[in-house]
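The values are calculated or read from the model by the stated rules, or taken from the named source; none is laboratory data. Source: prediction; values computed, not measured. Using ideal geometry, Cβ is built from the backbone for each residue, glycine included, and neighbour counts are taken over all protein chains shown.
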Amino acid sequence: MDNNTLVGLAGILASAAPVVFAAIGETITERAGITNLSINGLILLTAMAGFATSVTTGSLLLGFLVGALIGAFVSLIVAFSSIALKQSQVAVGFVLALMSRDLSYFLGNPYMGLSGPRVPSLPIPVLADIPVVGVLFFRQDILVYSSYILIAVAYIFVFKTRPGLMLQGIGEQPATAYVRGANVNRLRYIYTIIGGALVGLAGPMYSLSVKVGWKGTITGLDGIGWIALAITIFGGWNPLRAAFGAYLFVLLQWLGLVLQPSLPNIPSQVLQVAPFPLMILTLLLVNLGNSEWVDRTLAGLPEEVRRLIAKVLRAMRTTPPAALGIPFENE
Amino acid sequence: MLNKSSAGFKFGFQILAIVAALIFTTVVMLLAKAPPLEAFKLIFTGSVGSTGKISDVIVAWIPLLLATSGLLLTFAAGLWNIGIEGQITLGAIFTTWALRLLQDTSLSPTLIILIGFLAGILGGMIWASLTGLLKIYGGVNEIFGGLGLNFVATALTIWLIFGPWKRPGVGSMSGTVPFDNLLWLPQVEGLRMSWWSLGIGLIGIAIVYLILQGTYFGLRLKAVGKNGRAAFVIGIPTGKYMMSAFFICGAFAGLAGATQVLAVYHRLIPAISSGYGFLGLMVAMLINYQALWAAPVALFFAALNIGSIQLPIVLKLDSTLSGVLQGALVLFVLMMDGVRRRLTAKKVK
């Protein structure tokens, strides 16, 4: 593998870090049974606010802190409107998605095009010198290392710990979890806030590391949150699979850029959105196994073909937490 | 003591929500060190300050009203048609396509405009049907299918503007070559508005109102939206009804796109939908999906959009302030509705 490709692939790991944070944050929220649809605007708002904070105070840490706090607060509004006020999660989330986006453009106006601090690269001694692997994984910044850790921690937490099992429980069978002593709605608040804070870190990860600065509508972040939501589904509410989806998405974007010179007839804007139809296609594939008509069609096919297709579909199929989006009343 | 279930009580909470939204927006402006009173005044004079401004508001009102009208039907069927942005865009693309094919033929301009409208409707319906098929036969949630198709529609527009339909020489973000004056929807002397598109918009919302209030189809559509499983059990083909809702909404969205080309921009531009699809979703939520209120609230939102155009010019503020105010209105109305229900429920207990 030549060096350029290697650096390119290392770049993919770096650009995917915020997507990993957003997708895993949303995965945790949805595991608890709440859909937080606001994250597209949230990423823009926290990117702007994190950048503005760091430019004003000179502190990178404060930028990330502000991002996490805003993420947690906006997500709290979604949880509160849904749990306490019995409003539609989708409606409130959608309004917040648009409003946060407009807020970021309005409040970010004075910070447009300013130069700001950047998270420094932090090669890990010894590990960074390993051929190939070192360049790929260990000559990154602290955010990328955090993304590796987040993937592992989120996976272990959800599937291997007691609170993680409870988290699955309140999303799948809240009534049972309640009987077993879980305070379903309080846990939903907590996980929505944690998930929102993780999404809120994704914004500053862009504006202070991956795409430094704030450029208003041409910052190019509008749409990332919708992708992260799709990746959550694609990932089957599994942090590991969600991370895979995030890397796949960024890889496709990178391929679009790399292929650009050899496809001069296609404007770059078209290649940039190429991941979106692919996203629909993947959603179609992971959902096909849930459709009744597919079962019926398959039933008419020869046994061996049927078994093969059914196996492939089952491997790709994902099903949401059973109580996702359904309010819980403890009565 | 006020009766907590009375209409006055409900109205009071809505007023409270509006006040809260205004306070929120004022705080946002203070954060940006902007003068709130001047900004509000500017939005007001910028939208109703002159005949020309009022006519501009009406120009923005029509596509927004058409989008909202269509969305009322998908909402009635319990569907979140976020893909409406792409449906408006495809309507505009199909209209432009038809006009480009026919502009050099001997057909009369009136006939070409008429075909342009029909093409737009067709484009919107085709795009909406994709989301519907994905939802009903592919199990892909309409929110994600629609969002993905929105991005595809934008890419298609840009490809056309910079590729096959580019201006002589080099393509530009300003769009395709403008159409001849003869292919413009007739405008009011000296103004940008057109009586024809105003008529289309008003007839559109009237039709939706009638469908939802006075037809068997509308009644069954609402049954599908309220409880799909129960509707299916009593023999309503839910898939077909959802598909019809998508088709009709797509037709309205396509009509909005056609209006953008025939009556507003007279060419295809990259952001041809002007965000009216998403704004229509907000209007529909704000009016709690009641068709009766669609026209006045959409008019108000259009006025905010047009009024805020002055903000960057005079006060060096970003015009997205209108979006902040619109979002705050919807958010606080939803939340206040929840607060009111909580209070009422407590009293019953």
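Might you let me know whether the stretch B:325-347 holds any residue that is in contact with an Asp or Glu (Cβ under 8 Å, 6 or more places away or on another chain), at the interface with another protein chain (Cβ under 9 Å from one of its Cβ atoms) and surrounded by fewer than 22 Cβ atoms within 10 Å (Cβ to Cβ)? Looking for residues that are in contact with an Asp or Glu (Cβ under 8 Å, 6 or more places away or on another chain), at the interface with another protein chain (Cβ under 9 Å from one of its Cβ atoms) and surrounded by fewer than 22 Cβ atoms within 10 Å (Cβ to Cβ), one finds none in the stretch B:325-347, hence no.
Within the stretch B:164-187, the set of residues being part of a loop (DSSP other than H, G, I, E, B) and within 26 Å of B:G70 (Cβ to Cβ) comprises B:G175, B:T176, B:F179, B:W184, B:L185, B:P186, B:Q187.
Taken as a whole, the condition of being crowded, with 20+ Cβ neighbours inside 10 Å and under 25 Å from A:L62 (Cβ atoms) applies to A:G108. Figure legend. Inter-residue proximity from the stretch B:179-195: first residues farther than 10 Å from B:A263 by Cα, second residues basic (K, R) and surrounded by 13 or more Cβ atoms within 10 Å (Cβ to Cβ), beta-carbon distance below 7 Å, spacing 6+ or different chains. Indicated pairs: B:F179/B:R267. If B:S108 meets every condition in (1) at pLDDT below 95; (2) within 14 Å of another protein chain (Cβ to nearest Cβ) apart from one, which number is that one? Single failed check for B:S108: (2). Of the set (1) surrounded by fewer than 19 Cβ atoms within 10 Å (Cβ to Cβ); (2) closer than 30 Å to A:Y148 by Cα; (3) at the interface with another protein chain (Cβ under 9 Å from one of its Cβ atoms), all apply to A:F276 but (1). Could you list all residues from the stretch B:15-60 that are surrounded by fewer than 16 Cβ atoms within 10 Å (Cβ to Cβ) and polar (S, T, N, Q)? Within the stretch B:15-60, B:T45, B:S50, B:T51 qualify. All of B:A253, B:A271, B:A263 fail the test of being within 29 Å of B:L133 (Cβ to Cβ) and crowded, with 23+ Cβ neighbours inside 10 Å, apart from B:A253. The residue that is farthest from B:R341 (Cα to Cα), counting only those in the stretch A:54-100 that are among the polar types (S, T, N, Q), surrounded by 20 or more Cβ atoms within 10 Å (Cβ to Cβ) and free of Cβ contacts under 8 Å to residues at least 60 places away in the same chain, is A:S81.
Consider the stretch A:261-299. How many of its residues are over 27 Å from B:Y137 (Cα atoms) and either touching a Lys or Arg at 6+ places or on another chain (Cβ under 7 Å) or modelled with pLDDT under 75 (or both)?
Step one: of the stretch A:261-299, the residues over 27 Å from B:Y137 (Cα atoms) are A:261-272.
Going one step further and asking which of them are either touching a Lys or Arg at 6+ places or on another chain (Cβ under 7 Å) or modelled with pLDDT under 75 (or both), we end up with A:263-272.
Going through the stretch A:261-299 one residue at a time, the tally reaches 10.
Given the options B:I161, B:I121, B:I115, name the one that is within 20 Å of B:V264 (Cβ to Cβ), within 9 Å of chain A (Cβ to nearest Cβ) and among the β-branched types (V, I, T). Selected residue: B:I161, the only one of B:I161, B:I121, B:I115 that is within 20 Å of B:V264 (Cβ to Cβ), within 9 Å of chain A (Cβ to nearest Cβ) and among the β-branched types (V, I, T).
Inspect the stretch A:311-331 for any residue being at pLDDT below 75, of a type outside the set (A, V, I, L, M, F, W, C) and surrounded by 13 or more Cβ atoms within 10 Å (Cβ to Cβ) and give the result as yes or no. The answer is yes; a qualifying residue exists. Figure legend. Inter-residue proximity from the stretch B:7-30: first residues within 19 Å of B:L304 (Cβ to Cβ), second residues of a type outside the set (A, V, I, L, M), beta-carbon distance below 6 Å, spacing 6+ or different chains. Indicated pairs: B:A17/B:F332; B:A20/B:F332; B:A21/B:F332; B:T26/B:P36; B:M29/B:P36.
Out of A:V212, A:V270, A:V258, one residue alone is in a helix (DSSP H, G or I) and more than 9 Å from chain B (Cβ to nearest Cβ). It is A:V258. The residue that is nearest to the other protein chains (Cβ to nearest Cβ), counting only those in the stretch A:63-122 that are among the charged types (D, E, K, R) and in a helix (DSSP H, G or I), is A:D102.
Within the stretch B:152-178, the residues that satisfy the criterion of being without any contact (Cβ under 8 Å) to a residue 12 or more places away in the chain and within 24 Å of B:Y276 (Cβ to Cβ) are B:A155, B:W159, B:F162, B:S172. Right, B:D56: among the charged types (D, E, K, R), under 30 Å from B:A153 (Cβ atoms) and within 24 Å of the chain's Cα centre (by Cα) or not? Yes. Just one of the listed residues (B:W61, B:W127, B:W80) is touching a residue at least 60 places away in the same chain (Cβ under 8 Å), farther than 23 Å from B:N227 by Cα, aromatic (F, W, Y) and within 14 Å of chain A (Cβ to nearest Cβ), namely B:W127.
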